[in-house]
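Engineer: Encoded as C-alpha cells, here's the structure I'll be asking about.
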Amino acid sequence: MDHLYFSPKQRSDWGASFQQHFPQQAAAAIAQADRWCEDKPIIWKGFEIDLGQPINWLYNPTGDKEFTWGINRFKHLRSLGTAYACTGDEKYAAKALEHILGWIDTQPCPRNLPAEELTYFQRPGPWRLLETGLRLRQWIYAYHFFDESDSWKGEAKQRFLQSVKEHAWFLSTYKASIEINHSIMHMIGLLGAGLTFVTWEESAEWRSIAMKRLEECIRVQVLQDGVHSELTPHYHMVSLELFVDCAVMAKKRGLAFSGEYERIVAGMTRFASLMIRQDGSMAPFADSFANQPPDLNAAALYYDRPRLLLEDQLYEQFWTVGPEAIDRLIAAAANSPEAEAEAEAAAKSPEAAVSQAALTPGEAEATSAHVEERLPFAFPAAGYYGLGDTEQQLIFDAAALGGPHGHADALSFEWCAYGEALFVDPGTYTYMENPWRRYFKSTSAHNTVLVDGQDQTPYLRTQRWGVPEAAVSLIAWEPNQQMLCAEHDGYASRGVTHRRALWFLDSGEWVIYDRLVSTGEHTYQHRLHTRLLKWETQRLAKESGSSTDQTRSHAQPACYYAKGSSLANGAEAATASPLACELLVFGPPELELDVEDSWESVHQMKMQPLKVLQGLLTTENEGAWFITVMKPTLGTQQLAISEWSVAMDEQGRPVLSLNRDGHLTVFAMPE
C-alpha cells in the first residue's frame, strides 16, 4: 500500500523499460550516479565543486544562495535511483542512504524559531520551506527506488522514515503565503508523503491540508484567463507541471481536485502551448530562457494530447506515470495528423526536418503544427497577445510587471518568420546581483522605447523593483483586423506616456506605430533586438507631402531603409540562411538610425551576440513618434518602399499611408 508510483517488485521491469525508451538518459544517469559514488566534485554551472567527504551540506564557494538551496533539494537522488533501477547495483542504494543519513545527522529541524522567520521565503539554509517541500518530494521518489534494497532496511530505514514524518510535520505546521509558486512546491512534498504512506495515521491530515492549500494556490495565483500571476512563461510552465503532477498523484489514490481546479489547469495548458516560438523554443519574457521547447509532457500525458508531446524530455515523467502511459502517448503521437503532415513535408523536401527557413510557404504551413488556428490569440487578464499566420508570428507583451521575476519590458514583443526568431527578448543571464542581471532586466534590453536612459520601473536589486511600477492599459484589440494598441505610464514621473499600436497585414508586412506624449526635453531610443547580425541602413529622401501637411509640420519626417541578414540561430554562429528582414523607419526630422552590439542569453550564464537596430532622437516639448514597417524576405527585396509614406494630419500627428495598386490604406494611432 505504501508505494504510490511503483513497488519494489516492479522496479527492475520499470528500469529495463526506461533503458529501452531512453538509452541516452539512462546512460547519463548511470554516469552521474557513478560520479557521486566515487565522491567526485559536482558540476555546477560549468564549474567543478568539491562538497567534501562526508558532504558539507552548507558549503558554498559561490556566494550565490541558490547553490546551497539547490544541493539541499536532493535532486541528484533521481540519478542514483535511475541507476539502481536500471542495473540493480547496490552501491547506488547505499550511496543514496549515506547522503540522506548524513544530512539528517547534520541538519536538525529548526523547531524553536519564530514562525515569521521560518516562513520567510528568502530564509537561508536547508530548511527554507521551498527546499523542505522539494527535498521531501525527492525523498519520496528515493523511497520507491530503494525500498527493500539490501541497504534500506532496519534502523537506517526507520531513521529515514522518521525524517520524512518530520518534514511533513514542518510543512503542515509552518504555512507561508500562497501568492507565489513556492507554496505549490511546499505542498507537493506534503501531498506526496500523505498519498504514499497511506497506512500512517498522520497521512489523512497531510493529504487534507495539501489538497486544500493547492486549491487555494491555483485560485489565487492564476488569473482568469489561465496565466500564472507572475507573468513569466518559465514559472508558468513550472507551476503547470506541479499542479498536474499533484492531480496525477491524487488520481492514483482515487482522489480528485475540484472542477474549478481542473478548469484552471486546462487554461494554463492553453497558455503554455501558445507561448512557443516558431522554432519550438519558449518565448522568454521576464525571467525565462529559450534554451529548449517548453516541457508540456505532464499535461500531454494527463490529457492524452500527443500534440503537446516533447519526446526528448519525456523521460522526466517516466517514474511518475510509468511505462504503459509513456507507450500509449508515444504511439498516439506517431499516428497523429501532425506527424503525418511533417512526414509528407519531409518527403517533399529533405531539408524540411532541419529548418523551416528553407521551406516554401505551403510546406511551412504543413509543418507549423504549433500555430494551427491559434493566431491571433489573447490573454487579456495577463496582457499577452499573439498576431500573425502560419508564416509569421508576433507575441506582444502588454502585461504588468508581474513581481520579482518581471522585467521592465512593457510593450515589447517577439517576432518570428518562416520558423526562425528574428526579433527576440534577450532572456535572463543570471539571478545573481551584478551589472548583467540589471541589464537583462532593463528596458534597454527589450524591444520597446527607452526614455532618458531610464527603466520603466525603477530597479532596486535582483528581485526587487521600486515605485512607481509601470501600469499597462489596453486601448484597442481587433483580432479580426489583426490590430492591437496599448500604452504604459512607466515614464509618467518624467512627463511621458508611451502608446504603441501594431498591425499585421495580409500581404505580410507589420506596422508598429509608437507615440510618446511628453512635456520638456527628452531623449528617446527605439530599440529592436535582432538575431540578424549584418545590417545595411540608408536615409531616404522622401517626396514632400501635401501643402497642408507641410504647413502643419516644421520639416519633412525622416525615413530610413534597413535590411538585416546573416541570421544567428541560437548558440550557433551565423548561418547561410537566406532569411532576411527589411524595414522602413519613420520619425521626426531629427531621427537617427544606428546599429549597436548587444547580447542574448539562451542558456544561464552564457551569452551570444545580437544586434540592436536603434532609432534615436531628442525633442523639446513636442513628444516623439516612430513608425516602423517591417517584412521578412527569403532573398529578394519584398518591401516596396515607394508605396509607403508619412504625412502630418491637421492636428500635427503623423499618419502612415500605403498606396498599393491604386488603393490607399492609412494607419493612425487609435485614440
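Engineer: For residue 175, list the lysines whose Cα falls under 20 Å from its own Cα; do not include residues on the same chain fewer than 8 positions away.
Structural biologist: Hits, sequence-local ones excluded: 165, 212.
Engineer: Starting at 0 and stepping by 10 Å, how many percent of the alpha carbon pairs of region 36-107 end up in each bin?
Structural biologist: 18, 52, 27, 3
Engineer: OK, next. Using a simple charge model, +1 on the beta-carbon of Lys and Arg, -1 on the beta-carbon of Asp and Glu, nothing else, what dipole does the chain show about its Cα centre, in debye to the nearest 20?
Structural biologist: With Lys and Arg at +1 and Asp and Glu at -1, about 1660 debye.
Engineer: With a 1.4 Å probe and all protein chains kept in place, how much accessible area does residue 137 have, in Å² rounded to the nearest 10?
Structural biologist: 40
Engineer: For a quick check of understanding: with a 1.4 angstrom probe and all protein chains in place, what accessible area in square angstrom does residue 175 have, to the nearest ten?
Structural biologist: Counting only protein heavy atoms, the figure is 90 Å².
Engineer: Sorted by packing (mean other beta-carbon atoms within 10 Å per residue), highest first, where do 271-278, 429-436 land?
Structural biologist: Going from most to least packed, we get 271-278, 429-436.
Engineer: Additional query: Specify whether the C-alpha gyration tensor of region 564-643 places it in the rounded, prolate or oblate class, a ≥ b ≥ c being the square roots of the eigenvalues: rounded for a/c under 1.5, otherwise prolate if a/b is larger than b/c and oblate if not.
Structural biologist: oblate
Engineer: Is the shape of region 202-348 rounded, prolate or oblate, going by the alpha carbon gyration tensor and its root eigenvalues a ≥ b ≥ c, with a/c under 1.5 for rounded and a/b larger than b/c for prolate?
Structural biologist: Since a/c reaches 1.5 but b/c is at least a/b, the shape of region 202-348 is classed as oblate.
Engineer: Between residue 643 and residue 104, with labels modelled 7 Å along Cα→Cβ, what's the label distance in nm to one decimal, could you check?
Structural biologist: Spacing of the two 7 Å Cα→Cβ label points: 7.3 nm.
Engineer: Related question: Along the charge dipole of the chain, pointing to its positive end and built from +1/-1 on Cβ of Lys, Arg, Asp and Glu, which listed residue (637, 171, 276) has its Cα farthest out?
Structural biologist: Of the options given, the answer is 171.
Engineer: Order 418-427, 492-501 from most to least packed using the mean count of other Cβ atoms within 10 Å.
Structural biologist: Taking the mean over residues of other Cβ atoms within 10 Å, the ranking is 418-427, 492-501.
Engineer: Here's another thing I want to ask about it. Relative contact order for region 164-293 using alpha-carbon pairs under 8 Å, separation at least 6, rounded to a whole percent?
Structural biologist: 23
Engineer: While we're on this one: Determine the order of 601, 258, 473 by accessible area, beginning with the largest, at a probe radius of 1.4 Å.
Structural biologist: On the way: 601 5, 258 35, 473 55 Å².
The ranking, largest first, comes out as 473, 258, 601.
Engineer: To the nearest 10 square angstrom, how much accessible area does residue 106 have with a 1.4 angstrom probe?
Structural biologist: Accessible surface of residue 106 is approximately 80 Å².
Engineer: At what distance in nm do the modelled label points of residue 253 and residue 304 sit from each other, each positioned 7 Å from its Cα along Cα→Cβ?
Structural biologist: 2.6
Engineer: Can you give the accessible area per residue of region 276-336, in Å², using a 1.4 Å probe? Working shown, then result.
Structural biologist: On the way: 2140 Å² over 61 residues.
Dividing the accessible area of region 276-336 by its residue count gives 35 Å².
Engineer: Report the Cα centroid-to-centroid distance between region 391-410 and region 620-634 in angstrom, as an integer.
Structural biologist: Answer, in whole Å: 20.
Engineer: Taking N as the number of residues in the chain, what is its Cα Rg relative to 2.2 N^0.38 Å?
Structural biologist: Taking N as the residue count of the chain, the ratio is 1.05.
Engineer: Additional query: Can you list the aspartates and glutamates whose alpha carbon sits under 16 Å from that of residue 631, skipping same-chain ones fewer than 8 residues off?
Structural biologist: Excluding near neighbours in sequence, the set is 389, 391, 414, 420, 506, 509, 536, 582, 643.
Engineer: Does a label point 7 Å from the Cα of residue 475, set along Cα-to-beta-carbon, have any residues of region 630-661 with amide nitrogen under 19 Å, and which are they?
Structural biologist: Label zone hits: 630, 646-658.
Engineer: Another question, then. What's the extension gain from residue 161 to residue 216 if we count 0.36 nm per residue and subtract their Cα-Cα distance?
Structural biologist: Result: 16.9 nm gained on full extension.
Engineer: I would also like to ask the following. Please list 2, 147 in order of solvent-accessible area, largest first, computed with a 1.4 Å probe with all protein chains present.
Structural biologist: Ranked list, largest accessible area first: 2, 147.
Engineer: Report the full-extension gain for the segment residue 179 to residue 112: residue separation times 0.36 nm, less the Cα-Cα distance, to one decimal in nm.
Structural biologist: Values: separation 67, 0.36 × 67 = 24.12 nm, distance 2.56 nm.
So the extension gain works out to 21.6 nm.
Engineer: Sticking with this one: Relative contact order for region 1-124 using alpha-carbon pairs under 8 Å, separation at least 6, rounded to a whole percent?
Structural biologist: 28
Engineer: With runs of 4+ DSSP H residues as the only contributors, calculate the mean residue ellipticity of the chain at 222 nm using -39,500 (n - 2.57) per run, divided by the residue total and rounded to the nearest 500. Provide the component values of the computation, followed by the final result.
Structural biologist: Details: 19 runs with 234 residues, N = 671.
Only helices count here, giving -11000 deg cm²/dmol.
Engineer: How many nm separate the modelled label positions at residue 523 and residue 150, each set 7 Å beyond the Cα in the direction of the Cβ?
Structural biologist: In this crude spin-label approximation the distance works out to 7.2 nm.
Engineer: Relative to the longest principal axis of the chain, what angle (0 to 90°, nearest 10) does the C-alpha long axis of helix 77-87 take?
Structural biologist: 60
Engineer: Once phi is turned into ³J(HN,Hα) by the Karplus curve 6.51 cos²θ - 1.76 cosθ + 1.60 with θ = phi - 60°, what whole-Hz value does each residue of region 263-273 show in order, with x for glycine and proline?
Structural biologist: So the Karplus estimates, Gly and Pro as x, are 4, 5, 4, 4, x, 4, 5, 4, 4, 4, 6 Hz.
Engineer: When a/c reaches 1.5 or more, the comparison of a/b and b/c decides; with that in mind, is region 190-263 rounded, prolate or oblate per its Cα gyration tensor?
Structural biologist: In terms of gyration-tensor shape, prolate.
Engineer: To continue, here is another question. Taking only C-alpha pairs under 8 Å that are 6+ residues apart, what is the relative contact order of the chain in percent?
Structural biologist: 8
Engineer: What FRET efficiency comes out for residue 634 versus residue 467 if R0 is 41 angstrom and r is the Cβ-Cβ distance? Round to the nearest 0.05.
Structural biologist: Working from the Cβ atoms, E equals 0.30.
Engineer: Could you rank the peptides 605-611, 285-291, 646-652 by their average count of other C-beta atoms within 10 Å per residue, with the highest value first? Please list the in-between numbers first.
Structural biologist: On the way: 605-611: 16.7, 285-291: 23.1, 646-652: 15.0.
So the order, starting with the most tightly packed, is 285-291, 605-611, 646-652.
Engineer: Moving to a separate point now. How many Lys pairs in region 1-98 lie less than 30 angstrom apart by Cα atoms, where the lysines are 8 or more positions apart or on different chains?
Structural biologist: Summing the qualifying lysine pairs gives 15.
Engineer: Using θ = phi - 60° and the Karplus relation 6.51 cos²θ - 1.76 cosθ + 1.60, list the HN-Hα couplings for region 458-470 in order, rounded to whole Hz, with x at every Gly or Pro.
Structural biologist: Coupling constants for region 458-470: x, 8, 9, 7, 3, 10, 9, 9, x, 10, x, 8, 4 Hz.
Engineer: Hey, another quick one. Expressed as a whole percentage, what fraction of the accessible surface of the chain belongs to carbon and sulfur atoms when a 1.4 Å probe is rolled over the protein heavy atoms?
Structural biologist: Summing carbon and sulfur atoms, their accessible area is 49 percent of the total for the chain.
Engineer: Give, in nm to one decimal, the length gained when the segment between residue 224 and residue 659 is fully stretched (0.36 nm per residue of separation minus the Cα-Cα distance).
Structural biologist: Gain in length upon complete extension: 152.4 nm.
Engineer: Under 18 Å Cα-Cα from residue 441, which lysines qualify once same-chain neighbours fewer than 8 residues away are excluded?
Structural biologist: The qualifying lysines are 606, 611.
The values are calculated or read from the model by the stated rules, or taken from the named source; none is laboratory data. Bear in mind the structure is a predicted one, so any value in this text is a computation, not a measurement. Note that we place each Cβ from the backbone using ideal geometry, even for glycine, and neighbour counts take in every protein chain shown. With ligands, DNA and RNA removed, areas are computed over all heavy atoms of the protein, side chains included. Shrake-Rupley method; radii C 1.70, N 1.55, O 1.52, S 1.80 Å.
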